[in-house]
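Q: One structure follows; several queries about it will come next.
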Amino acid sequence: MRIPYDVESFPLGKGPMVMLVLFLISCFFIFAPAEEKGESIEFWIFANTHYEEYQARVPIFEAQHPEVNVQLINYGGTMHDKLLTALLSDFGAPDVVEVEITSIGRFLKGAIDEVGFVDLRPRLKNEGWMDKLVVSRFTPWSYRGKIFGIPHDLHPVVLLYRDDLFKAAGVEMTEIETWDDFIAAGKKVSRDLDGDGEIDQYAIVLDNKTESDYFNLLLQRSGGFFDVDGNVVIDSDVAIETLEFFTSLFNEHEIATPVYGTWHGDPSNFAAMQDGKILSVLAPDWYVGILKSQVPQMAGKWKAIGMPAWEVGGRRTTTRGGTMIGITKQCKNPDLAWELLKFAYFDKAGLINRYETTRIIPPLKDAWDAPIYKEPDAYLGGQPLGDLFIELAPDLPPRYQNPYWSEAADLLNDAIFNAVTEKQTPRQALTELAEKVRSIIAKDQERWGEGVIDEFKTE
Amino acid sequence: MNSKRNRFSFWNQQQKIAPYLFIAPFYILFIVFMGYPLISSLVMSFYEMRGFQSRIFVGISNFIDLFRDPIFWKSLWNTTYFALGTLILQLPIALLLAILLNSKFVKGKNFLRLAFFAPVLVAGVFVAIIFNLIFDQRAGLINNEFILFGKEIGWLSEGKYVMPAVILTGVWQWAGFNMIYFLAGLQGIRQELYEAAAVDGANWWQSFVHITLPSLRPVIAFVVVVSMIGSFQLFDLPYILTNGGEPADAGSTIVMYLYKNGFQFMRLGYAATIGWVLFIIIAIISIVQLKLLGIFREE
């Protein structure tokens, strides 16, 4: 074959010519679409434990659907930012994605039809899944009548306590029923250990810098930041009373200590637990999983009861944290993605595997019969923990989702810290907070109602 | 005949075009990855997002809101505080280390240089996690080993101690890095100057003030300007160390607030506004510093 070009006349000579040709050839390989076997589903994950679970489970799904190739990608903590960018630019989003409960709010901003997730309500309803799941767990993933994700978990909260140390102080924790009972018991165990005049053994550890534990208590009383219609209700009487109670545990009753480090999962916190400085903690199921893996040497020292209630016979639990799985609107084959969703969240063998590694109880009620949830748990001195969680699950409070949750939570953190450190009264802190968040929302609504709207989408 | 002329003109053309082709990759990358985002972020600062697919023109109201936003002012103050801490604490320490490691009487210089330089090789996130343990009020190393001022300091739990904790962490991480610049500058000073000064009877302090400092001026100017820019862009260290600025925004910085607005609150317009205000602040500070340090002076 003759090259129809005089190589010698190439301006820079033979060498650069060869480089240019190689460059063009490699460009072809880089940009040419890779040949794919059948359908491909891209699945983004932010939690390492979930990633490990799916790594083991995805081959089973691929065996059931030989034409499918699932690409699991674990982006860790930055996943939500990447997802936001992909949805904003209308390009590069995965087909299937897991989203965390405090991060979903920002994805719900703007017109409901522009939300980047597929509404799963029709599919859930047609296939009868709605009745099979704990219904309150749809609230974090629902907004304005649409359901954008299936709940991964229940995350019921229990009171995890040092049985040995409470017993040593003459307190039988299983007799505790209400918060008043707990305060009385707490005063018996909160004391000065080293004789320096300051209390260093506290009945409970609570986070005074973020909303976490205050929100545990507020949800337990069916309160919240937003109600089901999206109204700000953080300045309601129940919210103010709850914050007054929360601060009194630190200041008036002196039975609570602020969390060591930045949150309950910090190593300094675990050290304080081992030293007997912290005798109890409000623990969701996943937190027990963390304790088991981080401080296995404390096995047998813990026991759990339902949270103390606000009145006799009241709700003994709340809910903390959560994950959903959803399908993005950029997904080309939602039917196939739906099959993957059901496999990941409703397959009983998978759910048992999940409990073994993470202690997470599924929201699928049929799955609760499995014997594993009734097995005695060595970490809790033989108490069957799964049984307690399942007993509490039907009573979980709803947690209403809102596009303004991130802003609201950021300001709520400040309000709680100011109240606990007595810079503001709980009433002042929450009234001011509610005003601020209401004005943020009002400003957006005012803006969106009028003015020039620049549509990004040209299609 | 015909083809020959074509080839001739191609040859002519490429002579003119070639230089532009050679510099093109830089400009293409610059336009795509810097120019376009810069312009579109400036445009964005006059808009606000309305959900994911549309935005609304709001004029300069993002800028007005920003100047009325207490958290922005708090973040600006925290960032300035850190920058001042860097200037007053970190850079003198770096200079002192450089002078010590440049002097004749210190042994094991190479090892010490590596030891002081090493922290900068550790990713900011890990540094923050380590110092979280060190600064913990009740279980931390600092409060357990040195009871300062007669009481346990709530480094990360009391507002007023949060930025000092961040500054101290910054010193640990960056002093060794800036030391390298100073060291390079010190090694460039001609030894004869010191010898001449010694002959004239100058003591150590006089040599330092009249020879070392003036000779280091370009290096000092560079280090100060670069550290100030870096300080104003502070993000990952306090973000991890203070769990996103807690308590009560005591650890919030401008870039952290920008990140929160852009990625957590989905207020891209407001975030772009913060970015541009930050750019203007950094530009002013850098120009003032360069003037003060005499970099624009002709010699």
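The values are calculated or read from the model by the stated rules, or taken from the named source; none is laboratory data. Just so it is clear, the model here is predicted, and its values are computed rather than measured. Don't worry about glycine lacking a Cβ; one is built from the backbone with ideal geometry, like all the others, and counts go over all protein chains shown.
Q: For B:Ala24, indicate whether it is within 12 Å of chain A (Cβ to nearest Cβ) and of a type outside the set (Ser, Thr, Tyr).
A: When the stated conditions are applied, B:Ala24 does not pass them.
Yes/no per residue for (1) in a helix (DSSP H, G or I); (2) not assigned by TED's automatic domain parsing to the domain that holds B:Thr253:
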{"position": "B:Pro19", "(1), (2)": "yes, yes"}
{"position": "B:Val43", "(1), (2)": "yes, yes"}
{"position": "B:Glu48", "(1), (2)": "no, yes"}
{"position": "B:Gly85", "(1), (2)": "yes, no"}
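Q: Could you say which residue among A:Leu154, A:Leu159 is farther than 26 Å from B:Met266 by Cα, in a strand (DSSP E or B) and either away from chain B (no Cβ under 14 Å) or at pLDDT below 95 (or both)?
A: A:Leu159
Q: While we're looking at this one, here's another question. Looking at the range B:234-249, which of the residues that are facing chain A (nearest Cβ under 10 Å) and either acidic (Asp, Glu) or crowded, with 24+ Cβ neighbours inside 10 Å (or both) is farthest from the chain's Cα centre (by Cα)?
A: B:Pro247
Q: Looking at the range B:38-58 only, could you name the residues that are facing chain A (nearest Cβ under 9 Å) and not hydroxyl-bearing (Ser, Thr, Tyr)?
A: If the condition is that a residue be facing chain A (nearest Cβ under 9 Å) and not hydroxyl-bearing (Ser, Thr, Tyr), then B:Glu48, B:Met49, B:Arg50, B:Gly51, B:Phe52, B:Gln53, B:Arg55, B:Ile56, B:Phe57, B:Val58 are the ones that fit.
Q: Of everything in the range A:371-411, what is in contact with a helix residue (DSSP H, G or I) (Cβ under 6 Å, 6 or more places away or on another chain), of a type in the set (A, V, I, L, M, F, W, C), within 30 Å of A:Ser293 (Cβ to Cβ) and surrounded by 16 or more Cβ atoms within 10 Å (Cβ to Cβ)? Give them in sequence order.
A: Correct list: A:Phe389, A:Ile390, A:Leu396, A:Trp405.
Q: Any chance you could count how many residues in the range B:256-277 are under 21 Å from B:Leu237 (Cβ atoms) and touching a Phe, Trp or Tyr at 6+ places or on another chain (Cβ under 9 Å)?
A: Within the range B:256-277, residues that are under 21 Å from B:Leu237 (Cβ atoms) and touching a Phe, Trp or Tyr at 6+ places or on another chain (Cβ under 9 Å) number 8.
Q: Report the residue count in the range A:67-117 for those that are assigned to a loop (DSSP other than H, G, I, E, B), within 14 Å of chain B (Cβ to nearest Cβ), surrounded by 16 or more Cβ atoms within 10 Å (Cβ to Cβ) and more than 18 Å from the chain's Cα centre (by Cα).
A: Looking only at that region, the number is 5.
Q: Among the helices (runs of 4 or more DSSP H) contained in the range B:87-170, which hold 1 or more residues that are modelled with pLDDT of 85 or more and of a type in the set (Phe, Trp, Tyr)?
A: Qualifying helices (runs of 4 or more DSSP H): B:109-117, B:124-135.
Q: Right, here's the next one. So, in the range A:174-201, exactly how many residues are in contact with a Leu (Cβ under 6 Å, 6 or more places away or on another chain) and either outside the structural domain of A:Tyr161 (by TED's automatic domain parsing) or not β-branched (Val, Ile, Thr) (or both)?
A: Matching residues across the range A:174-201 total 2.
Q: All but one of (1) within 14 Å of chain A (Cβ to nearest Cβ); (2) closer than 20 Å to B:Phe263 by Cα; (3) at pLDDT 85 or above hold for B:Phe63; state the number of the condition that does not hold.
A: (1)
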